[in-house]
Every structure is written in structure tokens, then in C-alpha cells.
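Beneath this line is the structure, given in C-alpha cells, with notes to follow.
The values are calculated or read from the model by the stated rules, or taken from the named source; none is laboratory data. Everything numeric in this text was worked out from a predicted model, so none of it was measured. Cβ coordinates were reconstructed from backbone atoms using ideal geometry, including for glycine residues, and neighbour counts include every protein chain displayed.
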Amino acid sequence: MNNKNTYGYTPEEYVKFKEFAWKVLLSFGLTYMFFYNGRQNINLVLIQMAEGLGSTTAAMGVVSSSLFWCYSFGQLINGRLGAYFGYKRFMMFGIAASVILNIFISFQSSIAVIALFWGLNGFCQSMVWANGIGVLNKWWPKKDRGFATGLATAFSGVAQIVTYMTILLCLDLNPEWGWRAAFRYPMLPMAIMLVVFAILFKNQPEDIGLNPFVEEDRVHVDKDEAVALELESKGFWHPYRLVFAEYKVIIFCFIAAIAGVGRYGLLTWIPTYFTESMGLSIKAGIISAILLPVGQACAEFAFPFMTDKFFNGKREPMLVFASVATFFGMILFTFVETKFFASITLLIVGMFSMIDGVIWAVAGDMGGKTLTSTVVGVLDWAVYMGAAVQAVCFGYVKDVFGWDAIFVTIGCLYLLMLILTLKARNMKMQKL
């Protein structure tokens, strides 16, 4: 944080504010890092599940998509519900429920039952992210928002690596459990981090006896105060009327959906690609694919941080760069024929395609202190709508047209993202 500006606090208050801002950021980030154990685990054992349950890869893609659909629509309301019921309490319920549902799924043998409870798990998983980002906005001013959201998003990128390594360990510990191990052991660190989260996470500075921080930009402060005052006299759904009245939010919904296709299209299918196309074992396929989330984790922190430091808080230039680079990276991937070059290309593509951190910084800019969780929820809904569509469609695309069709489709969608970003860059918010 910027020591030249204490954001309306005395020096002593500012030290306390900074300390708790870091506690909130790190407790949220570390908890979320293990939270992916209850979401990404299914992607790494899809083939085992299909074989064990007597199903097909395409059918398991539909099962996987049930989480995306429920997570997506959960985001639409859970960002607002968290603000209504209390962010911390709401988030803790979502984490605990996800642990229970994963363990329950590990004892099932019916694809229909698994799909049902995997969808419920998706809804519970959607209770955490938007609310966490909403709380960060109450602790981290606009000047440092790219850093804070970038670091939080980087934890979610590292989470994918943690999940990969956790599943590998689970398969070794109890090979006789097969795919079921992926829904049992990974829940232990989730439960442990829930306790840490309960101790360290605070909803707002008022919880530790401080006033809210004061932004440097007076115009920004006046807008926040006006929106907060308006919401006091309106109903539960009024924030959605404000958010969906903004054309810039609508455009970023499409950008976020494309980001969801790119991120989860690769995460869902790349381990299977290495296993099926290159003849690797499930474990070798997971190891070969691990450079993808490594690249994503690097970008999730670096990209939004760079928008703070090099673009003076403007987010669109980084989206333009990422769109162009991802297009060429995905086209290049169709020419790769060896495991080594495929892994290196994945590292590069993973970095350039991962623009979620920038999207959350944009959401904070658009929503301010009052509506960030709602805006993040709306944009994360769009991300997971894209993720759900790819989970259903790409299984069939692969079966009919081959693996290259998936990669070319993702590349072309990032060109569309480029066009949308150029459209949005000069748009002004009307009411927020």
C-alpha cells in the first residue's frame, strides 16, 4: 500500500488497517487455494470415472458441466446474498457444504446422482469468490486493487497446481479406491483452512474498530456514497437493475464468458488430451499438463498488477495483449506433436489466456465498495456460463472434429474478445 497516503487514518490506525488488510487477503487467498480441491478434482479423473461407471468421456463431460451451470447461476445471486447475510458466515457455509458433498459423491455409483450432487457442489462453491473479492474492496483502495485481486486470483491459479499434486498423491495412497480417492483426501486441507479462515478473515474495517478507508479520488468516493445511499431505500434486486443497465458490464460479461471457455476448456481437456492423444498414463498426463496452471498462476498475479504499475489502472491494454497472444498460441498448439513442446506451449498459452485477475480488477473499478460482490458475481456467472458450454460442447467437438478443432475454436474466441475489449475501452459508467 502507498505509505504517502493513510486513507483517512492516523499513523497508528493505518498500521492496524494494513495489518488486517494483509490478514484478510492472505486468509482468503490460502483458503481459496485449497478450495479448488473440491472443484477441479473431477477433471483429473474423468477417464477413470468413465471406465469405473461404465460411461463415456462425452457423458462425463456433461456431469462435469453440472458444476459449471450451478456455479454460474449461483454467482448471480450469491454475491448479493453474501452482502445480505454477512460475507464471512456465508462463505464458511459454502466451504463446509462443499467438503461434505465431495465426500458424499465418493460413495456413489450412479451417474445421475453424481451429476445432481456435483451440481449442488457447484452452487456451494459459488458462495465464496464474489464475496471474497467484495470484502477485499473494503480493505484495498483502488490504487492497490490490481495487486490485491491479482494476488487473490494467483492463489486460485496455484490452487490448480495444488489440486493436480493432491490428486496424484491420493491415487498413490489408495490406488484401490480409484477415482473415489480424489473426492476424499483432498477435503482434509479444505477443512483445516476453514478454521484458519474463521480466525483471520474480517468483513470490513469497522469489525476491528476502524472507519472505512477514504479513497484519494473524491469523484470515486462521491459515487460510492451516492450508490450506497440509493440502495438503502431500495429492495434486494435493485443492485441488479443498476448493474445490468450498464452497457460496459454487459460487454464484460461476454469477455468473461470467453475467458471461461479458454481457462476451463484447457483445464478440463488438456489432461485427457495428453492421455488419449499422446498415449500417456493418467498420472503422466496430469504431470505433463501441470505447466498449464503454472502459466495461469503467473498471469493471474502479474497481469492485474501490471495494470496498476504500467497502465495507471487502465485494464484494457492488458486484455488486448492477452487476446492477440492467445490466438497465436492456440493456433501454434495445433502444430505441436511432442509432449515436451506441448508442455512448453501450454505454459505460454496458460499465461496469455489467463485474464481473470484483470476482470476482477475491472469489476472492483465498476462496482466500488458497495456493489463489487454483485458485479463480480455477475461476471463470474458469465465466466462459468462459458465454462459450462465448453464442458458440454467440447467433448462432442473432439469426437467429431478432433482435438485441433477445440484449440482453433478457443483461439478464434480470443479474437472476438479483442474486438469487445476495443469497444469497451472508452465506455463510461452511467450510474455506477
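A few notes on this one:
- Some residue of the stretch 135-150 being among the charged types (D, E, K, R), buried (at least 24 other Cβ atoms within 10 Å of the Cβ) and farther than 25 Å from Asn43 by Cα: yes
- Those residues of the stretch 307-325 which are part of a helix (DSSP H, G or I), over 15 Å from Leu420 (Cα atoms) and out of contact with any Pro (no Cβ under 9 Å at 6 or more places or on another chain), in sequence order: Asp308, Lys309, Ala325
- Selection status of Ala284, over 18 Å from the mean Cα position of the chain (by Cα), modelled with pLDDT under 75, in a helix (DSSP H, G or I) and surrounded by fewer than 24 Cβ atoms within 10 Å (Cβ to Cβ): yes
- Of the numbered criteria (1) small (Gly, Ala, Ser); (2) in contact with a Leu (Cβ under 9 Å, 6 or more places away or on another chain); (3) buried (at least 24 other Cβ atoms within 10 Å of the Cβ), the one Ala382 fails is (2).
- Residue within the stretch 198-209 that is under 20 Å from the mean Cα position of the chain (by Cα) and either modelled with pLDDT under 80 or under 19 Å from Thr268 (Cα atoms) (or both) present: no
- The stretch 1-30 residues that are at pLDDT below 90, paired with ones that are assigned to a helix (DSSP H, G or I) (beta carbon under 6 Å, 6 or more apart): Met1/Lys18; Met1/Asp144; Asn2/Lys143; Thr6/Tyr14; Tyr9/Phe17
- Positions within the stretch 110-126 being hydroxyl-bearing (Ser, Thr, Tyr) and crowded, with 17+ Cβ neighbours inside 10 Å, in sequence order: Ser126
- Any chance Gly357 is modelled with pLDDT under 80, in a helix (DSSP H, G or I), touching a Phe, Trp or Tyr at 6+ places or on another chain (Cβ under 8 Å) and closer than 28 Å to Arg145 by Cβ: yes
- Unmet requirement for Trp360, which otherwise passes all of (1) among the aromatic types (Phe, Trp, Tyr); (2) buried (at least 20 other Cβ atoms within 10 Å of the Cβ); (3) over 20 Å from Phe155 (Cβ atoms): (3)
- Test: Tyr9 is surrounded by fewer than 22 Cβ atoms within 10 Å (Cβ to Cβ) and outside any helix (DSSP H, G or I): yes
- Screening Val397, Val376 for residues that are under 30 Å from Asn78 (Cα atoms), in a helix (DSSP H, G or I) and modelled with pLDDT under 85 leaves exactly one candidate, Val376.
- With respect to the conditions (1) surrounded by fewer than 22 Cβ atoms within 10 Å (Cβ to Cβ); (2) part of a helix (DSSP H, G or I); (3) among the β-branched types (Val, Ile, Thr); (4) touching a helix residue (DSSP H, G or I) at 6+ places or on another chain (Cβ under 7 Å), Val336 falls short on a single one, namely (2).
Per-residue answers, yes or no, for (1) out of contact with any Ser or Thr (no Cβ under 8 Å at 6 or more places or on another chain); (2) at pLDDT below 85:
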residue	(1), (2)
Trp139	yes, no
Lys143	yes, yes
Gly146	no, yes
Leu151	yes, no
Ala154	yes, yes
Val158	yes, yes
Thr163	yes, yes
Ile167	yes, yes
Asn174	yes, yes
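- Complete set of residues in the stretch 31-58 that are free of Cβ contacts under 8 Å to residues at least 60 places away in the same chain and not in a loop (DSSP other than H, G, I, E, B): Ala50, Glu51
- The number of residues in the stretch 67-109 being surrounded by fewer than 23 Cβ atoms within 10 Å (Cβ to Cβ) and of a type in the set (Ser, Thr, Tyr) comes to 3.
- Residues satisfying the stated conditions in the stretch 288-305, i.e. out of contact with any Gly (no Cβ under 8 Å at 6 or more places or on another chain) and either of a type in the set (Asp, Glu) or more than 17 Å from Tyr36 (Cα to Cα) (or both): Ser288
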